[in-house]
Amino acid sequence: MKNKKPVVIRLIILTVILAIAFTVGFIGKFIDFDNIDDIFGNVNGVKLLYLVCMIAGVLFVETLLVLLLGLFKPENHRARSILSIVSSMLKYVTAILILCWGLSILGANVSTIVASVGIIALIIGFSAESLIADVVTGTFMLFENQYNVGDIVEVDGFRGTVSNIGIRTTSITDPGGNVKIINNSAMKNILNRSDKTSRSVSNIGIPYATDLEKLEAAIPELMERIYANHQDIMKAPPKYLGVQDLADSSVVLRFVVDVDEKDIYTGMRVLNHDLLLGFRKLSVEVPFPQMDVHLDNKQ
């Protein structure tokens, strides 16, 4: 849980409501609430007091459980996903519990109501097909372990870290802090980049006049030196793959290094930086685009 302050404030408010309700209940020993005029038909003061206590109590327990779940920060992505799902389920369970218990307190026969609205619920179920699909898909994804909280995934071109998995939706946060909320039923063709080691790629140009054989002989030592300085990011020394392109102003060489997916862009920037400085120490200056102009002297 990123921000616990709103949850704590909510707990305080619910605690105050419960304290007031219990105080009124204690006073009720001396005041006959049953004789108070019924404002809502058969709903008297005692039932209203019970209803307030029930709602505040259930919300208090739900908020406390969410707060306690937020205190756990497991490293395992699977455990984080389960905590995220449980936190999401608590909200739905709380709403259903308040509804059913509240109707019971007000004197309604909940089982009769549920049976009588069965056909209506069936009709609503067909109209809420996408909602049901989201819930079912989310459940299957959890059991199939397709992705978890903390995994880096790509969905429809949007790449980011799974920050939350709910009953209906999944939240993905990109490196810029933008959050995309996707219905679980729309989580298709997922590319989970956290499953395997990723590769950072660096293409760097050298002048055509460079002695390529001499430079290639010095590259292995440069790769080892770069790796020694960045073992926190790189899983192995960078690899030189050879000439990638014969560009207009340079011969483009390609280098790759194995990294975790979360470090793929950091690895690329570090590799670019160290290759540039390393080549300069080898007296190889990275060229810039330039144009040769030839003038006709016959005039």
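The values are calculated or read from the model by the stated rules, or taken from the named source; none is laboratory data. Computed from a predicted structure; not experimentally measured. Note: ideal-geometry Cβ built from the backbone for every residue, glycine included; neighbour counts use all protein chains shown.
Name the residue, out of 274, 263, 258, that is touching a Lys or Arg at 6+ places or on another chain (Cβ under 7 Å), within 29 Å of residue 160 (Cα to Cα) and outside any loop (DSSP other than H, G, I, E, B).
258
Answer with yes or no whether residue 203 is in contact with a strand residue (DSSP E or B) (Cβ under 9 Å, 6 or more places away or on another chain) and over 27 Å from residue 163 (Cα atoms).
yes
Please specify each residue of region 202-224 satisfying the condition of being of a type in the set (A, V, I, L, M, F, W, C) and surrounded by fewer than 17 Cβ atoms within 10 Å (Cβ to Cβ).
Scanning region 202-224 gives 209, 212, 217, 218.
Here is a yes/no grid of residues against (1) assigned by TED's automatic domain parsing to the domain that holds residue 14; (2) at pLDDT below 75:
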{"site": "57", "(1), (2)": "yes, no"}
{"site": "64", "(1), (2)": "yes, no"}
{"site": "67", "(1), (2)": "yes, no"}
{"site": "83", "(1), (2)": "yes, no"}
{"site": "87", "(1), (2)": "yes, no"}
{"site": "108", "(1), (2)": "yes, yes"}
{"site": "114", "(1), (2)": "yes, yes"}
{"site": "117", "(1), (2)": "yes, yes"}
{"site": "151", "(1), (2)": "no, no"}
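Name the pairs: first residue in region 192-206 and acidic (Asp, Glu), second residue crowded, with 17+ Cβ neighbours inside 10 Å, Cβ to Cβ under 9 Å, at least 6 apart or on different chains?
That search, which allows pairs on different chains as well, returns 195/151; 195/261.
Kindly list the number of the only condition in (1) at pLDDT 90 or above; (2) surrounded by 16 or more Cβ atoms within 10 Å (Cβ to Cβ); (3) of a type in the set (A, V, I, L, M); (4) out of contact with any helix residue (DSSP H, G or I) (no Cβ under 9 Å at 6 or more places or on another chain) that fails for residue 270.
The one condition residue 270 does not meet is (4).
This table checks each residue for (1) within 30 Å of residue 280 (Cβ to Cβ); (2) assigned to a helix (DSSP H, G or I); (3) among the acidic types (Asp, Glu).
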position	(1), (2), (3)
137	no, yes, no
159	no, no, no
162	no, no, no
167	no, no, no
202	yes, no, no
209	yes, no, no
218	yes, yes, no
226	yes, yes, no
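Is it true that some residue in region 170-181 is polar (S, T, N, Q) and outside any strand (DSSP E or B)?
Yes - at least one qualifying residue is present in region 170-181.
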